[in-house]
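Asker: Structure in structure tokens, see below.
The values are calculated or read from the model by the stated rules, or taken from the named source; none is laboratory data. The shown structure was predicted, so the numbers you read here are calculated from the model rather than taken from an experiment. With ideal geometry, Cβ positions are generated from the backbone for all residues, glycine too; neighbour counts draw on all protein chains shown. Note: areas computed on protein heavy atoms with side chains; ligands, DNA, RNA excluded. Shrake-Rupley method; radii C 1.70, N 1.55, O 1.52, S 1.80 Å.
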Amino acid sequence: MQSQLRETICADYVQLLPPNSLVAVRSSAVGEDSEDSSAAGQMATYLNVNGIASVLEHVLKCWASLYTYQAVQYRRQHGQPVMCGMAVVVQLMVPSGKSGVLFTADPITGNPKSILINATYGLGENVVSGQVTPDTVELEKKSDQSMCIKAVTLCSTAADSATKQTEGKAYGCLTYDEVMILANIGQEIESLFGSAVDIEWAEEGGRFYVLQVKRGLSVCLLVCLRHICKPFVSGSTSHYSLY
């Protein structure tokens, strides 16, 4: 790594992050995700990285992952340049109590009238990497802009958390109000993008954080999705932070 770049990373790390912060070091490569393709987990992501020396090490590992066999073959198969650029994003970790992925259209059928929320306890990386089977809540968008819960599949467990119930129904790790807050966040962001989106989200202390937003693929398998975290910048709301 060039000394000037190393010095810049060190200076920004000290200036922008609280001491002893845990961060995520994540790749953001040219052509990585689009409406037509998704580079599902082919470049590296590192979570709970602590200390500037470790950050510098994992930035190099992210860059190196751009040239793994699967990453190079993927670019060749999709007509993308083999030699391309990669930004590396260093983000403060959200110590999430719950997290997951939200789709503003059904990711299997492409139905724009459906909202699908995957949720689990802890880090959302467990969901997008397929390490756990999340709770799934499906909502239906009504013509009057309202939404109703259509189906619920419960899979999450937590030793210190009981299944929550609202209005006589169980929603796993989410309450009814949390489901509706997430659905409204999804619709607001979908409106900003002008198309269906996939959203990685996290919740900590009653506050929701949007970790990543990407335009949704028309047809994709949930187990193959692995989103790369990118900042999404917009106006603030009373319910969530754009992180």
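Asker: Kindly indicate the residue of the stretch 211-229 that is within 16 Å of the chain's Cα centre (by Cα) and open to solvent by 50 Å² or more (accessible area, probe 1.4 Å) and also modelled with the highest pLDDT among those meeting that condition.
Answerer: R215
Asker: What residue, among those in the stretch 160-210 that are surrounded by 19 or more Cβ atoms within 10 Å (Cβ to Cβ) and in a loop (DSSP other than H, G, I, E, B), is modelled with the highest pLDDT?
Answerer: Across the stretch 160-210, the extreme among qualifying residues is A196.
Asker: Looking only at the stretch 3-28, filter to residues that are among the hydrophobic types (A, V, I, L, M, F, W, C) and open to solvent by 70 Å² or more (accessible area, probe 1.4 Å); which one of those is nearest to A64 (Cα to Cα)?
Answerer: Looking at the filtered set, the residue picked out is L22.
Asker: What are the pairs with Cβ atoms under 8 angstrom where one residue, in the stretch 173-190, is in contact (Cβ under 8 Å) with a residue 60 or more places away in the chain and the other, located anywhere, is open to solvent by less than 30 Å² (accessible area, probe 1.4 Å) and assigned to a helix (DSSP H, G or I)? Sequence gap at least six, or different chains.
Answerer: Short answer, once both residue conditions are applied: L174/L182.
Asker: On to the next question. Test of understanding: among V82, V94, which residue is in contact with a helix residue (DSSP H, G or I) (Cβ under 6 Å, 6 or more places away or on another chain) and not small (G, A, S)?
Answerer: The unique qualifying residue is V82.
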